[in-house]
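The values are calculated or read from the model by the stated rules, or taken from the named source; none is laboratory data. Just so you know, these numbers come straight off a predicted model, no measurement behind them. All Cβ positions, even for glycine, are placed from backbone atoms using ideal geometry, and neighbour counts span all protein chains on display. For accessibility, only protein heavy atoms count, side chains too; no ligands or nucleic acids. Shrake-Rupley method; radii C 1.70, N 1.55, O 1.52, S 1.80 Å.
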Amino acid sequence: MQHSTLTLVIILTESVTEEIQVIFTGNSFEAIVEDIGEEKVECVPTIYRKKSNIGLRIDVKNFKKFFFIEESNNDPFRAYRTMMIISRLGILNINLISSAFLASDRVKEISMAGFSPPLSDIIKGVELRRIMMDLVPEKIIQAIIKDGKELSDKERFILEQEVLAETIPYDDRIAKLEIKEPREIAKEIEDIKMRGMEIYGRIFPILESYFIWFEDLNDAVVQEILYILLLDKYNFSDEVAVAVGGFLAQVNYCSLLNGDAEEESFVGNLFQERINEITIESIYWLSDEEDCTPDEAASKLDDALRIIFESK
């Protein structure tokens, strides 16, 4: 089971100096672009590869402006879904594009953090689900499948998810890459779900204690925790796993809300204050659960986070 980390970078710039390899150019669309004016302007989406990352560029024609979305999972299928969402919005700003990217996550399906206002005020759930089911153009499939190309673990996982969703056909090309058939992939996922239910039952009392301290983002917190415990590669206690998973879910959500605020701005300062509060509350909760001092809890949390970040 892989995990989709939020490594999202979005910038609005007037010049592009770094060369990119174009994978796919989508149909142009019109949208009102924040900071440009109130009239709709032509936008052209391009899925590209730059060094090791695959990204999506929205070219605002006649204004020498570009929106970029880059993420480290090397997933052109997600870039395509994000492009399809964005082209339907009629308005573009960094927060909406961030939400579109989050909502296009295949593993989490329609992400709670992404599919919420303002995005959900513009595009309805049924339309978003239809986009998630759309067949992927052949050019994008070829960005992953190439003759003689050895797949990375991430690329293999990405392909498996699309085969399972039936957005790309299962044919000889896929079989030769040793990707399993959809029913076999579904069986493996079902086994993981069963393990997840067993783990959830085991840690439920700890979760109840945690949610007394943190009363929101319950689903996102549980998702992060189960990911950590399902991997079977971290030697964490259940309490440390809950503290780390909760911390990551809270920080990811705050990062989304912070958007592109400058570090020294009012919003940026509020964001940093909230991160500090989450850190302190996580330490004191773990201190209570593990019956140790706050300093010891801080050390455990720090060590666990370092191990996770180094392993990704």
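A few remarks follow.
- Selected residue [touching a Pro at 6+ places or on another chain (Cβ under 8 Å) and open to solvent by 80 Å² or more (accessible area, probe 1.4 Å)] from Glu198, Glu208, Glu166: Glu166
- Total residues in the stretch 40-76, condition in a strand (DSSP E or B), touching a residue at least 60 places away in the same chain (Cβ under 8 Å) and in contact with an Asp or Glu (Cβ under 9 Å, 6 or more places away or on another chain): 1
- Residue in the stretch 229-251 that is out of contact with any helix residue (DSSP H, G or I) (no Cβ under 6 Å at 6 or more places or on another chain), surrounded by fewer than 14 Cβ atoms within 10 Å (Cβ to Cβ), modelled with pLDDT under 90 and in a helix (DSSP H, G or I) present: no
- Taking the criterion of being surrounded by 14 or more Cβ atoms within 10 Å (Cβ to Cβ) and over 24 Å from the mean Cα position of the chain (by Cα), the residues of the stretch 267-283 that qualify are Glu281, Ile283.
- Checked against (1) in contact (Cβ under 8 Å) with a residue 12 or more places away in the chain; (2) under 23 Å from the mean Cα position of the chain (by Cα); (3) closer than 22 Å to Val222 by Cβ, Arg156 meets all criteria but (3).
- Every residue from the stretch 188-217 that is at pLDDT 90 or above and either basic (Lys, Arg) or part of a loop (DSSP other than H, G, I, E, B) (or both): Arg195, Arg202
- In the stretch 56-79, residue modelled with the highest pLDDT [restricted to those that are within 14 Å of the chain's Cα centre (by Cα) and under 18 Å from Phe29 (Cα atoms)]: Ala79
- Looking across Phe157, Phe115, one residue alone is open to solvent by less than 60 Å² (accessible area, probe 1.4 Å) and assigned to a loop (DSSP other than H, G, I, E, B). It is Phe115.
- Among the residues of the stretch 29-68, those identified as in contact with a Pro (Cβ under 8 Å, 6 or more places away or on another chain) and not basic (Lys, Arg) are Phe29, Ile47, Ile54, Leu56, Ile58, Asp59.
- The set of residues in the stretch 23-55 being modelled with pLDDT of 90 or more, closer than 16 Å to Met84 by Cβ and either open to solvent by 40 Å² or more (accessible area, probe 1.4 Å) or out of contact with any Gly (no Cβ under 9 Å at 6 or more places or on another chain) (or both) consists of Ile23, Phe24, Thr25, Gly26, Asn27, Ser28, Glu30, Cys43.
- Residues of the stretch 289-312 that turn out to be out of contact with any helix residue (DSSP H, G or I) (no Cβ under 6 Å at 6 or more places or on another chain), free of Cβ contacts under 8 Å to residues at least 60 places away in the same chain and either within 21 Å of Ile212 (Cβ to Cβ) or not in a helix (DSSP H, G or I) (or both), as a count: 3
- Single match in Glu14, Glu19 (criterion: modelled with pLDDT under 65, open to solvent by 20 Å² or more (accessible area, probe 1.4 Å) and of a type in the set (D, E, K, R)): Glu14
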